[in-house]
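A short reminder: the numbers here are calculations on the coordinates, not readings from a lab. Treat the numbers as computed from the prediction; the structure is a model and nothing was measured.
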Amino acid sequence: MAESVDELKIRIRELEKEVAQWKSKVKDVRYGLNWLEIPEAFDRESEDKIPILEEVREKAVDAEGALAETPPHIIIEGDNYHALTCLNYTHRGKIDVIYIDPPYNTGSDGFTYKDKRFLTEYPDGQKVPKDHPLRHSYWLSFMEKRLKLAKNLLSEKGVIFISIDDNEQANLKLLCDKVFGEGNFVTNFVWKSKSGGANDSKYIAIDDEYILCYAKRAEKLAKMMDKYAEVSTSYNLKDEKGEYSLDRLDKQSIRYSDSLNYEIIGPDGKRYWPKHKDPKHPNATWRWSKEHVKTNFEDLVFKNGCVYTKNYRKDSALARNLLTDERFGRTRTGKTDLFDIFNAEVFTAPKPIKLLFFIFSISSSPASLILDFFAGSGTTLHAALKLNAEDGGKRQCILVQQAESENNICEKVTYERNRRVMQGYKNAKGEFVEGLGGHIKYYKTDFVGKHPSQNASDADSVELANKAGCLIALAENTLETVSVPESSKGFWQIYANTETKKRYTCIYHNGDYECVPEFVATIDALRASDKKAKFTVYVFSWNSPDFFENEFDDLKNIEIKAIPKPILEIYKALNG
């Protein structure tokens, strides 16, 4: 007997080890999305270098009047991966709304992937047909990198909207669950994109697309209210609180509750009960509890033997995820929008202004910062301009669009469309359409150094500091260049806030400090002219910039920061 007990104990220990091993495997192999991650190649001039942004000043669009005091909209020409890397320095945690319309990976939409393994055969990448064995892996590898960078940019209350169709919707949902967290899923909007079913559909007429929506932190996301929703209710009554309609307090219910089936005594002493269709089988209840009726008795209306509540007209309704009405536009209206501006077909399947107007109206505030890193035809900015004109908002947009070698969509469509929308244009009928106003700053991605950020040499760091002016100005939202004397030798720059001129960014980006006295004197002169203005001073330093504090008599309204180390640290973290 003793031997059998010992054997049982040994067997129990063996089983416990086996259970522990299985538990470990269950933790490692989770439900989710798995694909072959394929390294992506980029243009040779960007390989093993550090990305920056450079302003193209001749493309600036200036605003007039009151709109001159609104923040400029930003257009960035270049690969969105590099642009997003730069924005992780300039706008980390600052973006309120992201909308993107990425390639749908239909097999015929021109989606191209640069597979690093086959650059010799395909130096410009290869278009991905529908029957390509790595079709979905290419697309997921492409999207994951960019969505991870985009997540960093969202504010705590930020939200992202992604247009997609059946080709990748299921994969995108799982990818977003992975990147943003399943608990931050908000909804999947269904948008009726066609007026009728597609004639080329193989089995069934498909006339919808999707817009996936995720929050940075769902618990901080406000309700999305649709103030432009069409109201079907007739508010034909009015009191001192406003217009209202009457709703019956009793309702037929599948789930009957005794606690909601009680007597209410009206002002005239008459007794009221929920009205049952079959008194022998009661299935009607009040919508309010006894306590709620007692507290809000004065809001009840007793009429025609029934009890009613007052349903007051609201300024807005909770937004719905079924977008079928004409007010959300169709693919054809997106084409009409664009044709009306260019009098030519310049882009395939642009999203309609109405659709993005709706998205921004439910998700943004008048001062929100909006990003679109697949800007395409530029509908995002056009819709934001229209919404600003509607509600007096000062929403600011950042658009990113690849130049593309064949025809520069960013310059010829994204930028040109919104330049015309701001300044006015003749439509397809020859009628002049008044501009919506606003201004644009145009940038291109560029590269410095000879090594990637994680292996940056001292020479790379010096070059980055010398070329980081536009990055720093964007980070501080001080985009107006202040003229400096020629004696500055290009060692320093000053930027001002466009709207108020109350904030300045002053950058001494050279390791040679011979021009520091003039730099400091210029800052002191600006301080003397406006004692309330705030100054952020960036100075080239390998470590702490504290030594520079001694250059000023006092540090009131001055903050001193170092370059280029903070930029490199952010880039290294992204690539680590």
Query raised in the report: What number in nm² do you get for region 234-376 if you take the convex hull of its Cα atoms and divide its surface by four?
Result: 14.9 nm²
**Report entry** Dimensions in Å of region 237-315 - Rg and Dmax from alpha carbons
**Finding:** 13.3, 43
Query raised in the report: Which whole number of Å³ per residue matches the convex hull of the alpha-carbon atoms in the chain?
Result: 328 Å³
Report task. Using every Cα-Cα pair within region 212-275, state what percent have a distance larger than 20 Å. Result -> 64 percent
Query raised in the report: Can you give the Kirkwood hydrodynamic radius for region 129-260, in Å, rounded to one decimal and based on Cα pairs?
Result: 19.2 Å
Query raised in the report: Across all directions of projection, what mean area in square nanometres is found for the Cα convex hull of region 38-166?
Result: 10.6 nm²
Query raised in the report: Please state the relative contact order of region 452-575 as a whole percent: Cα pairs under 8 Å, 6+ residues apart?
Result: 24 percent
Report summary line: Inter-part gap, Cα centre of region 58-105 to Cα centre of region 349-404, in whole angstrom, is 10 Å
**Report entry** Isotropic mean projected area of the C-alpha convex hull, region 452-575 (nm²)
**Finding:** 7.7 nm²
Report task. Measure nothing fancy, just the Cα-based angle from helix 80-90's long axis to the longest principal axis of the chain, in degrees from 0 to 90, nearest 10. Result -> 90 degrees
Query raised in the report: What share of all Cα pairs of region 336-492, in percent, falls into each consecutive 10 Å distance bin?
Result: 9, 31, 30, 19, 10, 1
Query - Average Cα contact separation per residue, region 237-315, under 8 Å, 6 or more apart, as relative contact order % - result: 40 percent
Query raised in the report: For the chain, what's the relative contact order in percent, using C-alpha pairs closer than 8 Å and at least 6 residues apart?
Result: 18 percent
Query raised in the report: Cross-link list Lys270/Lys294; Lys444/Lys489; Lys157/Lys223; Lys241/Lys314: which exceed 19 angstrom alpha carbon to alpha carbon?
Result: Lys444/Lys489
